[in-house]
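Before any comments, here is the structure.
Every read-out reported here was derived from the displayed coordinates using simple, explicitly stated rules and does not represent laboratory data. Being a predicted model, the structure only gives us computed values, none of them experimental. Cβ placement follows ideal geometry from the backbone for every residue including glycine, while neighbour counts extend to all protein chains displayed.
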Amino acid sequence: MIEVSDELWGLVASLLDLACDRFAAGESNPIVMLVVESGQTHIIYVEDIQGNVTPQLVDNARHVVSEGFGKLARLYAVAFDGYLTTDGERSDAAFVEAGERGQPEAVVFAQRYRVKKRSGKVERVKRPLLVEATNQLLR
């Protein structure tokens, strides 16, 4: 069973909110959040200089964690835009991969969202879902 600390869940929830708002507004670049030893949180927006949004950017965001600034982090989260299919229905979703130094695995959560047609406001669809466990990026 995957255990998620309250602190890690707080980071995941914050990034899911930020990511849903940005992704629904058309900003699809990955976002990295890191919490360092002092407790300070840092946000890094991973963008291509030409403005291209490619799957490679998600790998680059993970690299920022595993080989770059993440070396200073206790907790990390990487958000990326995608689609989640549940019960045969495909939805826009913000995905957040998150981990905590010292834990054997990281987790991936997804928050489905949609933009209301009349108001243009972002609406979260149900609660975030735990999608899977994955490799931990903090060593």
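Quick notes on this structure:
- Residue selection: Ser5 satisfies the criterion of being touching a residue at least 12 places away in the same chain (Cβ under 8 Å), touching a strand residue (DSSP E or B) at 6+ places or on another chain (Cβ under 7 Å) and hydroxyl-bearing (Ser, Thr, Tyr).
- Matching residues in the range 22-35 - criterion: being farther than 16 Å from Arg62 by Cα, surrounded by fewer than 18 Cβ atoms within 10 Å (Cβ to Cβ) and in contact with a Phe, Trp or Tyr (Cβ under 9 Å, 6 or more places away or on another chain): Glu27
- Filtered residues of the range 4-20 (kept if under 20 Å from Pro30 (Cβ atoms) and aliphatic (A, V, I, L, M)): Leu8, Leu11, Val12, Ala13, Leu15, Leu16, Leu18, Ala19
This table checks each residue for (1) free of Cβ contacts under 8 Å to residues at least 24 places away in the same chain; (2) under 23 Å from Arg22 (Cα atoms); (3) surrounded by fewer than 19 Cβ atoms within 10 Å (Cβ to Cβ); (4) in contact with a strand residue (DSSP E or B) (Cβ under 6 Å, 6 or more places away or on another chain).
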residue: Ala77; (1), (2), (3), (4): no, yes, no, yes
residue: Glu105; (1), (2), (3), (4): no, no, yes, yes
residue: Lys116; (1), (2), (3), (4): yes, yes, yes, yes
residue: Glu123; (1), (2), (3), (4): yes, yes, yes, yes
